[in-house]
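Reviewing the structure listed below.
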Amino acid sequence: MHIEALTIPDVRLITPRRFADERGFFSETFNERTWRDTGFDAHFVQDNHAYSVDKGVVRGLHFQLQPAAQGKLVRVSRGAILDVAVDIRRASPTFGRHVAAKISAENWKQIWVPPGFAHGYVTLEAHTEVIYKVTNLYAPALDRGIRWNDPALAIDWGIDDASAILSEKDLRQPLLAEAADLF
């Protein structure tokens with residue numbers, strides 16, 4: 001496993017090893033002992049699987065408040081995404097900044113998004129499947145979000161507003177400056 005810190009060091013890009021031969025490949029995408037041995041202390045309680053039919057589906061930017069804040073270990077089993085993590089920890093020197101990484105079935109990378117970050121992605125291919133582990137169960141009463149295209153965040157999603165496919169919930173999210181509940 002290769003681990004790379006991004007420009008916001010709490011967010012990490014992880015590349016599990018793949019063992020390939022003429023039949024295909026084998027990869028250990030998560031191992032609790034290896035996870036802890038490499039310095040991660042998160043414990044996962046749930047796996048989620050999201051399927052997006054079209055290219056240009058935007059999911060996010062989502063987070064949960066304490067005491068149900070979630071860390072996420074995100075990977076793609078089919079297709080590709082641009083994955084985005086926004087630091088929403090008010091006391092952080094990187095508050096309001098974001099990191100983005102292409103995660104795909106082809107590059108086999110994963111991204112670790114710790115609690116205190118809003119998370120989202122846009123599908124870069126049709127029929128994309130995203131699988132992610134979370135450190136806390138879904139808590140609807142603590143579920144929050146910020147607007148995916150907030151100009152203050154200056155995220156280059158690689159898609160214009162008119163082409164983005166969003167849920168009604170994500171269309172109604174507040175700007176970061178309007179978000180009452182953060183970390």
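Rule-based calculations on the coordinates, nothing more; no lab input. Computed from a predicted model, the values in this text were never measured in an experiment. Cβ sites come from the backbone with ideal geometry, for glycine too, and all protein chains shown count toward neighbours.
The set of residues in segment 105-145 that are among the hydrophobic types (A, V, I, L, M, F, W, C) and in a loop (DSSP other than H, G, I, E, B) comprises Ala105, Trp108, Leu124, Ala126, Leu137, Ala139. The combined condition, being free of Cβ contacts under 8 Å to residues at least 60 places away in the same chain and over 30 Å from Arg17 (Cα atoms), is fulfilled by Ala162. Scanning segment 146-183 for residues that are within 12 Å of Val122 (Cα to Cα) and surrounded by 11 or more Cβ atoms within 10 Å (Cβ to Cβ) yields Trp148, Asn149, Ile155, Trp157, Gly158, Ile159, Ser163, Ala164, Ile165, Leu166.
Number of residues in segment 84-106 that are closer than 26 Å to Ala20 by Cα and touching a residue at least 24 places away in the same chain (Cβ under 8 Å) equals 5.
Remark: pairs (first residue in segment 137-159, free of Cβ contacts under 8 Å to residues at least 60 places away in the same chain; second residue among the acidic types (Asp, Glu) and assigned to a loop (DSSP other than H, G, I, E, B); Cβ separation under 9 Å; 6+ apart in sequence or on different chains) = Asn149/Asp161. All of (1) surrounded by 12 or more Cβ atoms within 10 Å (Cβ to Cβ); (2) among the charged types (D, E, K, R); (3) touching a strand residue (DSSP E or B) at 6+ places or on another chain (Cβ under 9 Å) hold for Asp47 with one exception: (1). Note on segment 146-183: residues that are polar (S, T, N, Q), over 16 Å from Val86 (Cβ atoms) and either within 18 Å of the chain's Cα centre (by Cα) or not in a loop (DSSP other than H, G, I, E, B) (or both) total 1.
All conditions but one from (1) among the hydrophobic types (A, V, I, L, M, F, W, C); (2) within 19 Å of Ile155 (Cα to Cα); (3) crowded, with 22+ Cβ neighbours inside 10 Å apply to Val76; the one that does not is (2). Could you tell me whether Asp143 is within 17 Å of the chain's Cα centre (by Cα), within 21 Å of Gly96 (Cβ to Cβ) and surrounded by 14 or more Cβ atoms within 10 Å (Cβ to Cβ)? Answer is yes for this residue. Going by what's in this entry, would Val58 be described as surrounded by 19 or more Cβ atoms within 10 Å (Cβ to Cβ) and touching a helix residue (DSSP H, G or I) at 6+ places or on another chain (Cβ under 7 Å)? For Val58, the condition - surrounded by 19 or more Cβ atoms within 10 Å (Cβ to Cβ) and touching a helix residue (DSSP H, G or I) at 6+ places or on another chain (Cβ under 7 Å) - is met. Arg90 meets the conditions (1) surrounded by fewer than 22 Cβ atoms within 10 Å (Cβ to Cβ); (2) in contact with a His (Cβ under 7 Å, 6 or more places away or on another chain); (3) not hydrophobic (A, V, I, L, M, F, W, C) in every case but one. The failed one is (2).
Applying the criterion of being assigned to a strand (DSSP E or B) and among the charged types (D, E, K, R) to the residues of segment 11-44, the residue that is surrounded by the most Cβ atoms within 10 Å (Cβ to Cβ) is Arg12. Go through segment 1-30 and count every residue that is of a type outside the set (Ser, Thr, Tyr) and touching a residue at least 12 places away in the same chain (Cβ under 8 Å). The qualifying residues number 15.
The number of residues in segment 105-134 that are out of contact with any Phe, Trp or Tyr (no Cβ under 6 Å at 6 or more places or on another chain) and either surrounded by fewer than 18 Cβ atoms within 10 Å (Cβ to Cβ) or of a type in the set (A, V, I, L, M, F, W, C) (or both) comes to 15.
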